[in-house]
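Notes to accompany the following structure.
Just so you know, all these numbers are worked out from the coordinates, no wet-lab data involved. Given the structure is predicted, the values throughout are model-derived calculations rather than measurements. Heads up, the Cβs are rebuilt from the backbone with ideal geometry, glycines too, and the neighbour counts pull from every protein chain shown.
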Amino acid sequence: MKILLIFFTFYLISAAEKYIDVTGYSGGSVLVDSKELWFSANSKYMTRLSEWRAMINYKKHYKWINEGRFTLFQNDEGNLMIYIRDLNQRDAGRYMIRVKDKWSIDMILNVKEDSCCKVSKRVMLNIGKSATFSFEYSFNHIHDPEIIFKEGKDSIETIYSRWKKKERFSISDEKHKNLFTVRITGVRPDDGGVYLCGVWIDRHSYSYSIINTVHLHIIDSCCGASETVRVNSGETAAFSCEYSKEQKSLRKIIFKTRNEIIDEMISTTEKWYQKERLSIYDNRQNLLSVRITAVTPDDGGVYLCGVWINRHSNNYYIITTVHLRIITKVGVSSVSSYSGGRLMIKCQHPQYKTNPKYICKESDGCSERKSPGVQDEWMENGDVSLYDDTRAGVLMVFFRELKAADAGTYRCGVKVSDYTERFTEIQLSVKHDAKYPLVVTKTAFIGEVHITCQIPEEHKVHFCKEDDNHICQNISSSKVTEMSGSSERNEERVVTVSISNVSVRDAGVYWCGAETRDTDLTFISLNTQIQLNLITKVGVSSVSGYSGGRLMIKCEHPQYKTKPKYICKESDGCSERKSPGVQDEWMENGDVSLYDDTRAGVLMVFFRELKAADAGTYRCGVKVSDYTERFAEIQLSVKHDAKYPKRVTESVYLGGEVIITCQIPEEHKVHFCKEDDNHICQNISSSKVTEMSGSSERNEERVVTVSISNVSVRDAGVYWCGAETRDTDLTFISLNTQIQLNLIMPPVVRREGESAEIICPYDSIYKSKPKSLCKGKCSTRDRNPLSETVREEKETKTDRLTLKDDVTASVFTGTITALTAEDAGKYWCAVTLETELNYLHTHLMVIMNEELNLTKYEGDDVSIQCKHQDEDQKSFCKAHEASMCVKDGVSLETIRDDRFSFSDESSAGVFTVNITDLREEDSGIYWCGDHVITKVCLEVNKRASDRIITSCIFVTLLLMGASVLFLYKLGYIKTQDQHPSPDRTEVSGGEAFHAACDYENIRDVRQCVVVGTEETVLYSTATRPTDSSDTHNTLYSKLQLPTNPSDGLLYASVHFQKHDESLSDAKVTSNKEDFYCNYTTVSPRMSLN
């Protein structure tokens, strides 16, 4: 004390030579360069002036003076350095540092609070690895340079700085985080030690650094054998570490670490390192035993058993790693609930709000710990959901569906630190009762709903609503009130919960149960589930359709485009809901087809055939959520009317035009549609459709005419016509007229024994579908055995039938050879979908080789008997060709002549045509039958007297013609020498080459007269010249006009031969270059008929 008084007196007499102001941070250190010389021979002292307490008192040392946390030492430049470790607020104040007889300085030390500098780190690392450690510094020093020192035995060496860099050391600075990181690569044993890291502040006359401390321990091997020891708090922890015989003489070391940071070091030889309650026993053979009594949570951590290698400081060899976890049980509680029900457990840890929490089952040794993983968010983990509420320090565990296997003993705990935890023991029993859980479904409209449930009398009621994660914790209804009354036994009470002013938000699943509490635990056992469905009716509409007709309903939900949609009938409580099941695709569901159009938000419902049973009230709705839906009420009535549905069959040739008419109510919009392959009538796929309308007499219905022009194979099929009405978000299309549009190909007419080719064009969309050619419709019983099926790019053959499909041209063709009468008939082309689609037909007509020739006189009667098999195809017509009888011929039904009559003998398969009072114009070719055709040649001649007169006239005409020819021949001979080239004769319509010819009279031989067409044929035959020496050998004839005014155009069939060997009956066509013959011109006379 006397020395201090002397020093104070001296200090008052002589003021300090230098003033230093230094700032440090609580928990950190400061290193000050006084920039004054050390003077090894002089004593040093350091005193805190406010207390006149000597920190270092007149110590002499060559380089290093240390007293507790205060050190004075000499640096490499010979200056005195001041080092103060582990600063705290009490260290703040004024200090004097003095070298006796040389100099003294005053230092004011400021100590501030900042999180940057509070932690001293201990890092353990294997040899050869890279060491990385980071430090925070105060924002006030963001522009000051970083520096690293390392403590030696009696010095502190600068390792790395802006002006001094060392190999394998580097610094990176993240100034936006106030953080710099030190990295040492390829650490060696001599890298172990204490590092001082900080920022360097230069004040010209002095400098100082704000320091963080790192203890770097280098080990040769990590971490040997490893084991985990769990000990309840208050019990004794014991573990052993085995070492080799070579290591038995080395000093044994025990470290306690946390995440490679060494907390403390305990030695077996140096007693001051030993810790209370911890004992170590070395048997000096191969085993080191450690025992810790009455463990506390602070004892938890990682213990390293090692041997000390003396070559380097901070250099060890680790033989065993022990993870010691301290567990504290704070209580025991019991809870029971029902199998199938729900259970909420709330474990409260208010003093450890942000620490990780868990629940585990003791039967498996708590090996499977369930924890949320994240905080303040519900997370699923197996069959439970967990929520770590860091605001209240509560772990909520929700068993979503209790099972018998859930029964057992649990730990609901919190991880206080990495190696210490606390838990409460929970004994859970699961009861089985057919009564519970009780499941109730409530369906409510806007208004109020009442829910009842039963709970034990002594317990508090708990009513909650499941959220989207099926966690029942909060009630989100508008308003809930509770009323209760006890049962007869007074063991349970009935709780009634009333939710008023119900809104969409109230829909969902509710649970009702009992809540109990025990110390830091809350149990909520839920035994009654209430599913509350909220239904909103948005409107009522009415629609009617006809029994047997079609009906399309379109329900629009534009705000719920992708939500599931449905239609149901209220008469069965809407228990059978019909929905497409898939979106944007037509699907069948019973007797209706449905389409959920997600682009427009429309559900289309198509009744494929309305029945009386379809009448009733429907809901056409959308499922907005699992528990809310909206619907429009539809009142459907089905009317019975013999008039509807009207079914019409129209046939039209390819490329032609068809006109379809239908009737709809006057005030409604017309709807015309075509069935697709699924029998859904929605779009018109015809080439061109035009509509005209006119009202009926009563002005209640109007006739709609639809014209489809340029008909193609795509237009064949079934059409529907009806009325379309609209009501808010509903559209109704009632279809009452069905039109079957069949396509016709021109008839195929062939003779018996020939081949017939039937061509079937089809829509290209069916190229991969099987096709059929059938005699009779392919989907009916009258299929003919000749029917075959052909698939894409294949050819099907039988004895006489070949089918070939040309997918490139979209045509399949059937060829029938060696035609017989049985082959004749109506053939249909069909595509096989779910059923046969008959879309086109043609008639195959077989002309029998056997003909019927009849000769009659005018005034006679004749009966012609014809065979038939098809009631609809009986025909008797007069035409050049049989094909004209199908398309352009005059059939018996269109003859307006009383002389013709018709009788049918269906049982005999024949019909008879009777013609009375025959006339010459009745002569001609007739075709008789159905598809099997017989050619009838009828010749009606005049009586004998008429023939004489006619013959005279004809002979006169021939003589006149012969005279003219004779005179012409004489004139030609005279001029032949003067005109050696062929002469020209003017004919009607042009010129014709001719030469001198011999000829004879022509004998008229009438073969067959065709009457009733545009032209009448007169056949004549020319005979050869009698003079065979004629050099020209040309034969021609001149014809007189017929005497019968009913005859039409007269034809002369003339045979021209230049040589005898070329005589034949073949008809030839006149050509200017080929013939050298004169012939006459025959002027046509048109028939008035």
Rounded to whole Hz and in sequence order, give me ³J(HN,Hα) for the range 573-587 from the Karplus expression 6.51 cos²θ - 1.76 cosθ + 1.60, θ = phi - 60°, writing x for Gly and Pro. x, 6, 6, 9, 8, 9, 9, x, x, 10, 9, 6, 7, 5, 9
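So what's the net charge close to V811: Lys and Arg +1, Asp and Glu -1, counting the other residues with Cβ under 12 Å from its Cβ?
Working: positive: K767, K771, K804; negative: E757, D763, D805, D806.
With Lys, Arg at +1 and Asp, Glu at -1, the neighbours total -1.
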Proximal charge balance of R162 [Cβ under 12 Å; K/R count +1, D/E count -1]: -2
Using modelled amide H (1.01 Å from N, peptide plane; none on Pro or chain starts), what sits under 5 Å from the amide H of R53, excluding residues fewer than 5 places away? R48
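Using the count of nearby Cβ atoms within 10 Å as a rough guide to exposure, how do Y352, Y208 rank from fewest to most? It would help to have the intermediate numbers written out before the result.
Working: Y352 18, Y208 25.
Fewest-to-most ranking of Y352, Y208: Y352, Y208.
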Taking θ = phi - 60°, what integer Hz values does the Karplus form 6.51 cos²θ - 1.76 cosθ + 1.60 yield along the range 173-180, in sequence order, with x for Gly and Pro? 10, 9, 5, 5, 10, 6, 9, 10
Out of F73, G28, V111, whose Cα points farthest toward the positive end of the dipole of the range 16-215 (charges: +1 Lys, Arg; -1 Asp, Glu; placed on Cβ)? F73
In which sequence would D898, D506, D114 go, from the one with the fewest C-beta neighbours within 10 Å to the one with the most? D898, D114, D506
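Run the numbers on the range 547-639 and let me know its relative contact order in percent, using alpha-carbon pairs under 8 Å that are six or more apart.
On the way: 211 pairs, mean separation 31.4, N = 93.
Computed over the range 547-639, the figure is 34 percent.
Which entries of K357/K431; K646/K674; K165/K256; K435/K465; K403/K442 have Cα-Cα distances beyond 24 Å here?
Working: K357/K431 28 Å; K646/K674 15 Å; K165/K256 34 Å; K435/K465 21 Å; K403/K442 26 Å.
Violating the 24 Å limit, Cα to Cα: K357/K431; K165/K256; K403/K442.
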Packing rank of 722-730, 437-445, where each peptide gets the mean count of other beta carbons within 10 Å, highest leading: 722-730, 437-445
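Let me check I've understood the local charge: for V862, count other residues with C-beta under 13 angstrom from its C-beta, Lys and Arg +1, Asp and Glu -1. What total comes out?
Working: positive: K856, R899, R919; negative: E858, D860, D861, D917, D922, E939.
Residues close to V862 contribute a combined charge of -3.
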Quick one: which residues, 5 or more positions from A879 or on another chain, have an amide H under 5 Å from its amide H? H modelled 1.01 Å from N in the peptide plane, none for Pro or chain starts. I925, W927
Measuring from its Cα centre, the range 92-157 shows a charge dipole (+1 at each Lys and Arg Cβ, -1 at each Asp and Glu Cβ) which, in debye to the nearest 20, is 280
For the range 347-364, in order, what is each residue's ³J(HN,Hα) by Karplus, 6.51 cos²θ - 1.76 cosθ + 1.60 with θ = phi - 60°, in whole Hz (x at glycine and Pro)? 9, 9, 9, x, 7, 10, 4, 9, 6, x, 10, 8, 9, 8, 9, 6, 5, 9
Quick one: which residues, 5+ away or cross-chain, put their amide H under 5 Å from the amide H of L837? H built at 1.01 Å from N. V831, T832
